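Beneath this line is the structure, given in structure tokens, with notes to follow.
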Amino acid sequence: MVRRLAALAMVAAFALTACGGSTLPGATQGPGSGATPAGPGGGTGGPGPTAGGGGGGGALLADVCTLLTVAEVGGALVSPPLTTETTAGDPAKCDYWIAKDDSALSLTIITKNGQAQFQALVDQNVGESVSGVGDGARYDSGGRLLAFMVSGYYVQLRAGYASDSDSTLKALTLLAKVLIARLTTGTVPPDLQVTAPPVTKATTACALLSDAQAASVIGKGQMADTSTTPEFCTYALASSGEVLLSTYFKRKGASSAWASVIGGLTADPVAGVGDDARFESFSGILYVLKGDSYFTVNVFSPDAGTVLASDRSLAEIMLGNL
């Protein structure tokens, strides 16, 4: 039976103390009337504010959401489409929302006493040092928080839509470098450009493969699908009811759990199918990852030599319907 994905780990809020002893605001409310719909984003340009010594920064602090587009955040975290909500001031914030009360990322920028607050992290040995990010950076794995200094600004990136700690650090580091490039030069270089993950249109396993499409590959006559849950679909010959094929579909959250899924398999890589694909020969199951979705296809055939070819043909059709 197809292995179920582990539940996506959503992280708890991590608060740092701001100037005057107040606590930095966390992601406690969903998008209000000022939320900005997710757009294509991902361009190389940006506001290009002039950062200088931690002072002023009016344009920057008015809308820090302009420093990271929804496409960039979604692409780095491999999340569903996002909306944003801006909080001006000092601290200035941008919250990137998957849905109401479901945070993908929180971006906070502090001007006043920012250097002192970052130094407090260093002095208290909070998290681990991260090289190559701004003028000094620390990563707290428990809070999923990357904190760094750049041009006098103290910046926090906290992931709410996260996978394992290493993957989260990699995603936050990429976003930090995009933000730093846009903040300091106004342009994101090609090697840092991030695009949004593909939008998954299908909502059920049966929607990924029609009866006619299944029959065209299996080649044994008209087929009919049955499903007891949105995640599973089986296909049987209409004439006899013999089940010849089954599929499984995880619509979102797959990218965060993919490593654990394939880590438990004895499977071979299959090139050219989705973002990653693995074939488990003893079960005849082909596992396919695409964006934040994952599916399996399993043709029941006594001829082991043809199973992978059939699985692959069906998977390519399913990718087109994804």
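Are any residues in the stretch 178-223 closer than 22 Å to LEU308 by Cα and of a type in the set (A, V, I, L, M), and if so, which ones? Even if it seems obvious, please write down each step before you answer.
First, the residues of the stretch 178-223 that are closer than 22 Å to LEU308 by Cα: 205-223.
Once the filter is applied, which keeps residues that are closer than 22 Å to LEU308 by Cα and of a type in the set (A, V, I, L, M), the stretch 178-223 yields ALA205, ALA207, LEU208, LEU209, ALA212, ALA214, ALA215, VAL217, ILE218, MET223.
Name every residue in the stretch 108-141 that is of a type in the set (Asp, Glu) and in a strand (DSSP E or B), in order of residue number. Give the derivation first.
Taking the stretch 108-141 and keeping what is of a type in the set (Asp, Glu), we get 123, 128, 135, 140.
Once the filter is applied, which keeps residues that are of a type in the set (Asp, Glu) and in a strand (DSSP E or B), the stretch 108-141 yields GLU128, ASP140.
Does the stretch 177-196 contain any residue that is within 30 Å of GLU316 (Cβ to Cβ) and small (Gly, Ala, Ser)?
yes
If only one of ALA181, ALA176, ALA196 is modelled with pLDDT under 95 and either in a helix (DSSP H, G or I) or over 21 Å from the mean Cα position of the chain (by Cα) (or both), which one is it? Give the derivation first.
Details: ALA176 fails: modelled with pLDDT under 95; ALA196 fails: either in a helix (DSSP H, G or I) or over 21 Å from the mean Cα position of the chain (by Cα) (or both).
Going through ALA181, ALA176, ALA196 in turn, just one is modelled with pLDDT under 95 and either in a helix (DSSP H, G or I) or over 21 Å from the mean Cα position of the chain (by Cα) (or both): ALA181.
Which residues, taken from the stretch 260-308, are exposed (fewer than 15 other Cβ atoms within 10 Å of the Cβ) and at positive phi?
Result: GLY272, single match.
Which ones in the stretch 155-176 are of a type in the set (Lys, Arg) and surrounded by 19 or more Cβ atoms within 10 Å (Cβ to Cβ)? I'd like the intermediate steps shown before the answer.
From the stretch 155-176, those of a type in the set (Lys, Arg) are 158, 170; that's our starting set.
Once the filter is applied, which keeps residues that are of a type in the set (Lys, Arg) and surrounded by 19 or more Cβ atoms within 10 Å (Cβ to Cβ), the stretch 155-176 yields only ARG158.
Among LEU245, LEU237, LEU265, which is the only one that is hydrophobic (A, V, I, L, M, F, W, C) and under 17 Å from SER313 (Cβ atoms)? Break it down stepwise before answering.
Numbers: LEU237 fails: under 17 Å from SER313 (Cβ atoms); LEU265 fails: under 17 Å from SER313 (Cβ atoms).
Result of the check over LEU245, LEU237, LEU265: LEU245.
Among the strands (runs of 3 or more DSSP E) confined wholly to the stretch 220-289, which include 3 or more residues that are in contact (Cβ under 8 Å) with a residue 60 or more places away in the chain and within 19 Å of THR203 (Cα to Cα)?
Output list reads 243-250.
Quick one: how many residues across the stretch 58-86 are among the acidic types (Asp, Glu) and either assigned to a loop (DSSP other than H, G, I, E, B) or modelled with pLDDT under 90 (or both)? Step through it out loud before you land on a result.
Of all residues in the stretch 58-86, those among the acidic types (Asp, Glu) come to 63, 72, 85.
Among the residues that remain, those that are also either assigned to a loop (DSSP other than H, G, I, E, B) or modelled with pLDDT under 90 (or both) are: 63.
Qualifying residue count, the stretch 58-86: 1.
How many residues are of a type in the set (A, V, I, L, M) and over 14 Å from VAL288 (Cα atoms) when one looks only at the stretch 222-264?
Taking the stretch 222-264 and keeping what is of a type in the set (A, V, I, L, M), we get 223-224, 236-238, 243-245, 254, 257, 259, 261-262.
Then drop every residue that is not over 14 Å from VAL288 (Cα atoms), which leaves 223-224, 236-238, 243-245.
Residues flagged as of a type in the set (A, V, I, L, M) and over 14 Å from VAL288 (Cα atoms) within the stretch 222-264 amount to 8.
Given (1) of a type outside the set (Asp, Glu); (2) more than 17 Å from the chain's Cα centre (by Cα); (3) in a strand (DSSP E or B), where does MET318 come up short, assuming only one miss?
Answer for MET318: the failing condition is (3).
Being more than 21 Å from THR69 (Cβ to Cβ), without any contact (Cβ under 8 Å) to a residue 24 or more places away in the chain and among the small types (Gly, Ala, Ser): is that true of SER141 here? Step through it out loud before you land on a result.
On the way: more than 21 Å from THR69 (Cβ to Cβ): yes; without any contact (Cβ under 8 Å) to a residue 24 or more places away in the chain: no; among the small types (Gly, Ala, Ser): yes.
Spelling it out, it is not the case that SER141 is more than 21 Å from THR69 (Cβ to Cβ), without any contact (Cβ under 8 Å) to a residue 24 or more places away in the chain and among the small types (Gly, Ala, Ser).
In the stretch 209-228, which residues are under 16 Å from VAL297 (Cα atoms) and at pLDDT below 90?
Scanning the stretch 209-228 gives a single hit, SER227.
Which of (1) assigned to a loop (DSSP other than H, G, I, E, B); (2) free of Cβ contacts under 8 Å to residues at least 12 places away in the same chain is the odd one out, the single condition GLY305 does not satisfy?
Here GLY305 meets the rest and fails (1).
The values are calculated or read from the model by the stated rules, or taken from the named source; none is laboratory data. Since the structure is predicted, the reported quantities are computational estimates derived from the model, not experimental observations. Cβ coordinates were reconstructed from backbone atoms using ideal geometry, including for glycine residues, and neighbour counts include every protein chain displayed.
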